[in-house]
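First up is the structure itself, then whatever we jot down about it.
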Amino acid sequence: MSEVAGVTNPGKIHLNPSSARLVELAIERDEGILAANGALVTKTGSRTGRSPKDRFFVQHGGSRERIDWGATNVAVSPENFDALQGRVREYLGGKELFVIDGYVGADPSHQIKLRVVTELAWHALFGRQLFRRPTQDELEGFEPDFTVLSAPLFQADPARDGTKSEVFVGLDLDRRQVLICGTQYAGEMKKSLFTAANYLFPQDGVLPMHCSANVGPKNDVALFFGLSGTGKTTLSADPERRLIGDDEHGWSENGIFNFEGGCYAKVINLSPESEPDIYRTTQMFGTVLENVVLDPGTKKVRFADQSITENTRAS
């Protein structure tokens with residue numbers, strides 16, 4: 001590929017590599033280390049959570065009338081968005097890039113085809129774990145509906161770019177683009193696509209929901225609503241019921257469906273007794289653990305370490 005997401009003359013492009021290869025590359029590039037359980041442990045730097053005050057929406061097209069503009073939904077002009085995106089694309093020119101294709105939405109009738117382009121191998125692994133994976137046949141000639149361009153190590157300049165800080169998370173819902181820079185917190189990618197789904201799916205007769213969901217033996221579905229940290233994941237991981245998903249779902253004419261293909265769970269004080277299913281995922285190769293404490297000798301994760309003050313996550 002001589003061009004990807006508008007980045008011309010990129011360096012080596014890793015197109016839909018395996019999880020194992022992404023782990024290898026992340027370690028080679030000093031982006032993370034292996035824990036004793038085989039999970040990849042990474043740090044997100046100064047931003048250990050989302051930066052909602054640094055999120056903007058491009059004000060043009062149909063979204064101009066559909067978005068409730070204000071303190072939460074802050075506008076950015078197409079000109080400023082394009083100028084910053086141009087600088088990010090120039091910055092990424094010649095760099096090694098990682099490309100992950102996937103879906104938002106398990107219902108084949110209601111899906112967003114997406115492409116994540118990033119400069120970090122572990123961010124690509126995050127995207128591969130969190131979003132739904134196409135089959136090999138579906139990857140042939142894959143054309144995304146939405147593109148996420150992520151440059152975590154590029155810092156915006158408020159004086160030049162009109163941003164509030166070095167971080168910029170911009171959504172162009174009409175041209176279906178997401179631009180992220182200045183933050184290594186991978187959850188910005190997840191939240192941006194969920195925001196896009198909240199905007200697009202209702203226009204197709206689908207109700208997006210911030211909830212977890214599971215289903216019982218009689219095909220009875222339960223939904224658990226709540227803010228982050230209120231127990232949605234814990235409640236839905238009932239061993240007597242099948243998990244549909246732990247965070248983001250749609251309700252279509254076909255029923256309840258998960259937006260994601262993975263789980264992005266908080267792991268502070270995680271134990272095999274309290275949350276056995278989530279705990280088991282942290283013991284698997286390919287899992288990404290953000291901002292956890294490792295025992296320096298054994299490389300075992302200290303989930304109950306009281307020195308953890310950051311937003312620790314597993315994906």
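The values are calculated or read from the model by the stated rules, or taken from the named source; none is laboratory data. Note that this is a predicted model, so its numbers are computed, not measured. Note that we place each Cβ from the backbone using ideal geometry, even for glycine, and neighbour counts take in every protein chain shown. Ligands, DNA and RNA are excluded from the accessible area calculation, which covers all protein heavy atoms including side chains. Shrake-Rupley method; radii C 1.70, N 1.55, O 1.52, S 1.80 Å.
Quick grid of which residues meet (1) under 30 Å from Glu65 (Cβ atoms); (2) open to solvent by 10 Å² or more (accessible area, probe 1.4 Å); (3) modelled with pLDDT of 95 or more:
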site: Leu200; (1), (2), (3): yes, yes, yes
site: Lys218; (1), (2), (3): no, yes, no
site: Val221; (1), (2), (3): no, yes, yes
site: Trp251; (1), (2), (3): yes, yes, yes
site: Cys263; (1), (2), (3): no, yes, no
site: Thr281; (1), (2), (3): no, yes, no
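Of the residues making up the range 125-166, those that are within 19 Å of Phe194 (Cα to Cα) and either modelled with pLDDT under 95 or not in a strand (DSSP E or B) (or both) are Leu125, Phe126, Gly127, Arg128, Gln129, Leu130, Phe131, Arg133, Pro134, Pro144, Asp145. Residues in the range 101-118 that are open to solvent by less than 10 Å² (accessible area, probe 1.4 Å), under 15 Å from Val7 (Cβ atoms) and not hydroxyl-bearing (Ser, Thr, Tyr): Val116, Val117. If only residues of the range 138-147 that are in contact with a strand residue (DSSP E or B) (Cβ under 8 Å, 6 or more places away or on another chain) and free of Cβ contacts under 8 Å to residues at least 60 places away in the same chain are counted, the one that is surrounded by the most Cβ atoms within 10 Å (Cβ to Cβ) is Phe146.
If you check Thr135, Thr163 for being without any contact (Cβ under 8 Å) to a residue 12 or more places away in the chain and open to solvent by 10 Å² or more (accessible area, probe 1.4 Å), only one passes: Thr135.
Looking at Gly49, is it within 18 Å of Leu120 (Cβ to Cβ), open to solvent by less than 80 Å² (accessible area, probe 1.4 Å), assigned to a loop (DSSP other than H, G, I, E, B) and in contact with a helix residue (DSSP H, G or I) (Cβ under 8 Å, 6 or more places away or on another chain)? Criteria met by Gly49.
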